[in-house]
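Okay, so here's the structure we're looking at.
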Amino acid sequence: MLILRDANVGLTRFDQFKNNLGIAPTMLTKRLATLTEEKLLEKRRYSERPPRDEYVLTEAGRDYLPVLFMLAAWGQKHRGGGQLTRFLDAETGTDIKPIAIDAVTGAEIGTREFRAVAPNDE
């Protein structure tokens with residue numbers, strides 16, 4: 001999740017991720033490979049000599065941003081104690097306070113009853 005967070009703010013290169021996250025290179029290599037295999041990131045060559053790749057968000061990776069916002073808001077409220085990364089509106093500088101809305105009804109998710117339906121039960 002932290003790699004996707006960093007990719008969403010514009011980091012693309014291995015060293016950028018390593019320096020920002022303070023993660024061991026072997027662990028970062030494995031995690032980038034997994035995110036690439038899962039099609040959340042796409043590996044692109046930006047230098048032939050020496051061969052260097054960057055990691056760019058795919059559509060699926062960009063679509064994960066609202067999930068990061070929601071998890072961050074939950075963490076700030078229930079686990080953070082003010083010590084977690086905050087997301088700010090780039091234009092106004094104010095904290096982003098995400099809420100989940102049902103696109104069909106317009107209702108805030110979490111304020112209404114719901115039921116889960118397994119794929120074979122539809």
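Suppose the filter is of a type in the set (Asp, Glu) and under 24 Å from Leu40 (Cα atoms); does Asp95 pass it?
Numbers: of a type in the set (Asp, Glu): yes; under 24 Å from Leu40 (Cα atoms): no.
Answer is no for this residue.
Quick one: how many residues across segment 68-122 are over 17 Å from Asn8 (Cβ atoms) and surrounded by 11 or more Cβ atoms within 10 Å (Cβ to Cβ)? Steps first, answer last, please.
Just the residues of segment 68-122 that are over 17 Å from Asn8 (Cβ atoms), to begin with: 74, 76-83, 92-94, 97, 99-122.
When the remaining residues are screened for being surrounded by 11 or more Cβ atoms within 10 Å (Cβ to Cβ), the result is 74, 76, 80, 99-102, 107-109.
So the answer is 10.
Taking Leu71, is it more than 21 Å from Lys30 (Cα to Cα), among the hydrophobic types (A, V, I, L, M, F, W, C) and touching a residue at least 40 places away in the same chain (Cβ under 8 Å)?
Numbers: more than 21 Å from Lys30 (Cα to Cα): yes; among the hydrophobic types (A, V, I, L, M, F, W, C): yes; touching a residue at least 40 places away in the same chain (Cβ under 8 Å): yes.
The answer is yes for Leu71.
Do any helices (runs of 4 or more DSSP H) lying entirely in segment 1-109 carry at least 2 residues that are modelled with pLDDT of 95 or more and more than 19 Å from the chain's Cα centre (by Cα), and which ones are they? Please lay out each step first, then the result.
Values: elements: 2-8, 14-21, 25-37, 59-63, 65-75.
In segment 1-109, the matching helices (runs of 4 or more DSSP H) lie at 25-37.
Taking the stated definitions as given, is Leu57 within 22 Å of Ala90 (Cβ to Cβ) and surrounded by 11 or more Cβ atoms within 10 Å (Cβ to Cβ)?
Details: within 22 Å of Ala90 (Cβ to Cβ): yes; surrounded by 11 or more Cβ atoms within 10 Å (Cβ to Cβ): yes.
Here the answer is yes, as Leu57 does meet what is asked.
Of everything in segment 14-40, what is within 17 Å of Thr58 (Cβ to Cβ) and either touching a residue at least 40 places away in the same chain (Cβ under 8 Å) or among the small types (Gly, Ala, Ser) (or both)? Give them in sequence order.
So the first thing to find is which residues in segment 14-40 are within 17 Å of Thr58 (Cβ to Cβ), and the list is 17, 31-40.
Passing the criteria: only Ala33.
Only residues that are under 15 Å from Phe87 (Cβ atoms) and touching a residue at least 40 places away in the same chain (Cβ under 8 Å): list them for segment 1-13, please.
Passing the criteria: Met1, Leu4, Arg5, Ala7, Asn8.
Listed here are the residues, each with its yes/no results for (1) over 30 Å from Ile99 (Cβ atoms); (2) among the small types (Gly, Ala, Ser).
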| position | (1), (2) |
| --- | --- |
| Arg5 | no, no |
| Phe14 | yes, no |
| Leu21 | no, no |
| Thr26 | yes, no |
| Thr29 | yes, no |
| Leu41 | no, no |
| Pro51 | yes, no |
| Val56 | no, no |
| Gly61 | no, yes |
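The values are calculated or read from the model by the stated rules, or taken from the named source; none is laboratory data. Not measured: the values here are computed from a predicted model. No Cβ is skipped: glycine too gets one built from the backbone with ideal geometry, and neighbour counts run over all protein chains shown.
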